[in-house]
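Undergrad: Sharing a structure with you now.
The values are calculated or read from the model by the stated rules, or taken from the named source; none is laboratory data. These numbers come from a predicted model, not from an experiment. Every residue, glycine among them, receives a Cβ derived from its backbone with ideal geometry; neighbour counts consider all protein chains shown. Side chains are part of the model used for accessible areas, which takes the heavy atoms of the whole protein and leaves out ligands, DNA and RNA. Shrake-Rupley method; radii C 1.70, N 1.55, O 1.52, S 1.80 Å.
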Amino acid sequence: MSPTTAASPAPAPATDAPPKPSPGAKRSLMGSLIDATALLRAASFKEDSYVAAALPASDLRALADLRALLATHPDQISIWGVPLNPPSDAPADERTDVVLLKFLRARDFRVRDAHAMLLRCAAWRAEFRADAVLDEDPGFKDLEGIVAYMHGWDREGHPVCYNAYGVFKDRDMYNRVFGDGDRLSRFLRWRVQIMERGVRALQLRPGGVNAIIQVTDLKDMPKRELRAASNQILSLFQDNYPEMVARKVFVNVPWYFSVLFSMISPFLTERTKSKFVIAREGNVAETLFKFIRPELVPVQYGGLSRASELENGPPKPASEFTIKGGEKVFLEIDGIEAGATITWDLVVGGWELEYGAEYVPAAEGGYTLCVERTRKVPAAAAEPVHNAFTAKEPGKMVLSIDNSGSRKRKVAAYRYFVRKPSA
């Protein structure tokens, strides 16, 4: 059976042109309000500048005062490989002011408080041997890619750190990692190691990328059991990694977290609140895609990126589109030669729709081949669609995404690779 194209976007040639679906049903009022809130949070966020010309005179004076205080120290102080009180005859290092501004901002430009914080941080790094932690093996490699890990970057180039502690709901896993003081200490060293990787990925220069993005998954997180470890990690990072997080995204947020956030929100500064983004369960991909491209979002969060995919460099970009409620979209990949192999990835945030794939020969009267029988994809789908097909004759691949059974708009992304037949 040939695919219906009346409601489909224009055919997608082998250049990944994004589809243009037709309008769909209107959304619920509550869903629209929640999405509008998320968009306002994103729009209100403005990252701090480290360019001297953009700083007010009061900030520049505080920066000069902090430099003067540090110049009185007999010993050279260096944090993250950046000299903070270099000799007067040393060449200027543009990274120095970036680091000093981070400590100043963490203390609202109170110079003496920032100075004290900086000295405590330098002392902690020496005692903790933080500069050597990247070369260690604390013994938690099996937690990487699961509990805490750096993976990709956002649309503005910030490295992204993912955190998910739901695995510790399992009592045996919890005891193996936090069973005694020594294990907790090793876990903290491992968590610092992950943070140091993120810092090493920063440019720490005016106009550069100077902070990371943190994505924290609250699904199945055992709150009471992890309280001690969470408090230590939070305190350690607040004291020793000032202004290193540009945005904090919480995903799979339970209802009570939203209530708690609304209660503490009046006590947070607007600057702090502007960094927070909260995504309910079922709205994870739509939220993350606003900040991170789909090919860089891990598959467990509705993206296309698998654990080892970034080892060989940046992945092929995906084409992004939306499927409105009550809409059926066809993605047509045209111009496929005989003998060519096409591989495709497709993901839809929240799924709960039907998907299928057909190959339509170019020759008139050719028989359409069912490549993937139309099936219902559940909301809990953990992996994107990944498939390949070798064509025996010229034609096009048609992917169908049927959201006609839902009133909810959904974000989606796809990409494909065509390997032409060998001579």
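Undergrad: Hey, what's the per residue convex hull volume over the C-alpha atoms of the range 319-419, in cubic angstrom?
TA: Given the Cα convex hull of the range 319-419, per-residue volume reads 90 Å³.
Undergrad: Could you name the lysines whose alpha carbon sits less than 19 Å from that of residue 46, not counting residues in the same chain fewer than 8 places away?
TA: List returned: 102, 248, 273, 275, 290.
Undergrad: So, one more: Measuring from a point 7 Å past the Cα of residue 136 along Cα-to-C-beta, which residues in the range 153-188 have an amide N at less than 15 Å?
TA: 181-188
Undergrad: So, one more: Identify, among 69, 210, 232, the residue whose Cα sits farthest towards the positive end of the charge dipole of the chain, taking +1 on the Cβ of Lys and Arg and -1 on the Cβ of Asp and Glu, with the dipole about the Cα centre.
TA: 232
Undergrad: For residue 265, put the label point 7 Å out on the Cα→Cβ axis and report which residues of the range 238-258 keep their amide N under 12 Å from it.
TA: 258
Undergrad: Something else about it: Please check: in the Gaussian network model of the chain (C-alpha springs, under 10 Å), which one of 412, 132, 279 has the largest mean-square fluctuation.
TA: For the chain, modelled as a Gaussian network with Cα springs under 10 Å, the answer is 132.
Undergrad: From zero outward in steps of 10 Å, how is the percent of C-alpha pairs of the chain spread across the bins?
TA: 4, 18, 25, 22, 16, 10, 4, 1, 0
Undergrad: Another question about this same structure. Count the net charge of all other residues whose Cβ sits under 13 Å from the Cβ of residue 151, scoring Lys and Arg as +1 and Asp and Glu as -1.
TA: Here the count lands on -3.
Undergrad: So, one more: At 222 nm, what value in deg cm²/dmol follows for the chain if DSSP H runs of at least 4 each add -39500 (n - 2.57) and the sum is divided by all its residues, to the nearest 500?
TA: -9500 deg cm²/dmol
Undergrad: Something else about it: State to the nearest 20 debye the size of the charge dipole of the chain about its Cα centre, where the only charges are +1 on K and R beta carbons and -1 on D and E beta carbons.
TA: 1160 debye
Undergrad: Compare 58, 88, 235 in a GNM of the chain, Cα atoms joined below 10 Å, and give the one with the largest fluctuation.
TA: Highest fluctuation among the options: 88.
Undergrad: Name the residues whose placed amide hydrogens come within less than 5 Å of the amide hydrogen of residue 50, ignoring near sequence neighbours (fewer than 5 apart) on the same chain.
TA: Amide H neighbours of residue 50, under 5 Å, 5+ apart: 207.
Undergrad: Right, something else. Express in nm, to one decimal, how much length is gained between residue 257 and residue 311 on full extension, taking 0.36 nm for each residue of separation and deducting their alpha carbon distance.
TA: 15.9 nm
Undergrad: Hey, another quick one. Please report the antiparallel percentage of the DSSP beta bridges confined to the chain, to the nearest 5.
TA: Around 75 percent antiparallel, to the nearest 5.
Undergrad: Which Cα, out of 379, 368, 98, lies furthest along the positive dipole direction of the chain (beta carbon charges, K/R +1, D/E -1)?
TA: The one lying farthest along the dipole's positive direction is 379.
Undergrad: Still on this model: Out of the total accessible area of the range 319-419 (probe 1.4 Å, heavy atoms of protein only), what percent is carbon and sulfur?
TA: Looking at the range 319-419 in its full context, I get 50 percent from C and S.
Undergrad: What dipole magnitude, in Debye to the nearest 20, does the range 52-128 give about its Cα centre under +1 on Lys/Arg Cβ and -1 on Asp/Glu Cβ?
TA: That gives a dipole near 280 debye.
Undergrad: Dividing the Cα convex hull volume of the range 52-128 by residue count, how many Å³ per residue is that?
TA: Per-residue hull volume (Cα only) is 94 Å³.
Undergrad: Looking at the chain as a GNM with Cα springs under 10 Å, which of 60, 234, 288 has the largest mean-square fluctuation?
TA: Taking springs between Cα atoms under 10 Å, the residue moving most is 234.
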